[in-house]
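So the structure is just underneath, and the comments pick up after that.
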């Protein structure tokens, strides 16, 4: 039977139209993809508390969604507000101290700073030149003004973009809460089309992996913030509570609480509390860092069967590839791939055993 030209062209035209439609839809949705993924992660991680609220509110899903969003806003913004308020007061006091020091003349750097090997002498030379308005020093400073200004503008843009992203994610999360059941059925149907009988298992693996990553990061952040706060209180560092909240925020970044604690240890050393300075630095480097290296993999591993090394690769590789969002996407994708590969390798072969390993006669012939 001879095929008509139209029988070949029409399917190609249909496929081309579908491809263009998908490309157009992707272009429309691209600005909202990151916010939608964040919203989906928030909803997945808090779905059970949301269902509990729906039950207690007699099925009023919209009201339950609003209460969940208010709770999330409080959970996210409260540490930021408390830490920012106290740090603003600390900044004002610091500026007043610096101003009073300069009123008495250009101050000399402390001996511990000028006595540092390799860099102490250069730092002191720069500082003296700055006070004397040395031409070479001022030219060096002017060279740094442009890059520093660009960095500040970039940082402000990142912070502003992050706030907009968070608000957009919360807005989208409201609708996901309301229509979560329909979205789940739609995703399940899509997975059945793609993965067939394995769809339910892969969907459960994806959800559990996402929850494991979220709980791992939040649990580790709480543990590190608590450990940091205890160290600040014991060492007598001012504003220990604010530093604890700041440690919770910084814990979302690798080594964040340590980067916050080491300057506090340096401040203690400058105040003459050498013993407490050593204690705080050791506590941050050993205890707080260990919490990040031990608690996080354990909590993330509870959500999936992924080996520890692959969890680490998923978190770090995802962050390098997709930014902060990749921290959550990376382990989920690796878990799905690992489950597919593991089941494919472990499933029984359809070939007879002798076709795979050969019979005893074949083996003896090879030996001879």
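FYI, it's all coordinate maths here, none of it is from the lab. Here the structure is a predicted model, which means the values were calculated and not measured. Every residue, glycine among them, receives a Cβ derived from its backbone with ideal geometry; neighbour counts consider all protein chains shown.
Calculate, in nm to one decimal, what residue 119 and residue 324 gain on full extension: separation in residues at 0.36 nm each, minus their alpha carbon distance.
Extra length available between residue 119 and residue 324 comes to 70.3 nm.
So how far, in whole Å, is the C-alpha centre of the stretch 27-74 from the one of the stretch 115-193?
Here the answer is 27 Å between Cα centres.
Please give the length that would be gained between residue 134 and residue 111 if that part of the chain were fully extended, namely 0.36 nm times their separation in residues minus their C-alpha to C-alpha distance (nm, one decimal).
Between residue 134 and residue 111, full extension yields 6.1 nm more.
For the stretch 197-345, build the convex hull from the C-alpha positions and give me its volume per residue in Å³.
93 Å³
Report the calculated FRET efficiency for residue 239 and residue 142 (r = Cβ-Cβ distance, R0 = 30 Å), to the nearest 0.05.
0.30
Determine the gain in length on full extension of the stretch residue 18-residue 58; use 0.36 nm per residue of separation and subtract their C-alpha separation, reporting nm with one decimal.
Stretched out fully, the residue 18 to residue 58 stretch lengthens by 10.1 nm.
Taking the Cβ-Cβ separation of residue 344 and residue 194 as r and a Förster radius of 22 Å, what is the calculated FRET efficiency to the nearest 0.05?
0.90
Just want to confirm a number: the relative contact order over the stretch 197-345, from Cα pairs under 8 angstrom separated by 6+ residues, in percent.
29 percent
In nm, to one decimal, how far is the modelled label at residue 163 from the one at residue 267, with both set 7 Å along Cα→Cβ?
With each label point 7 Å from Cα toward Cβ, the separation is 2.4 nm.
Hey, can you rank 290-296, 134-140 by average C-beta count inside 10 Å, highest first?
The peptides rank, most packed first, as 290-296, 134-140.
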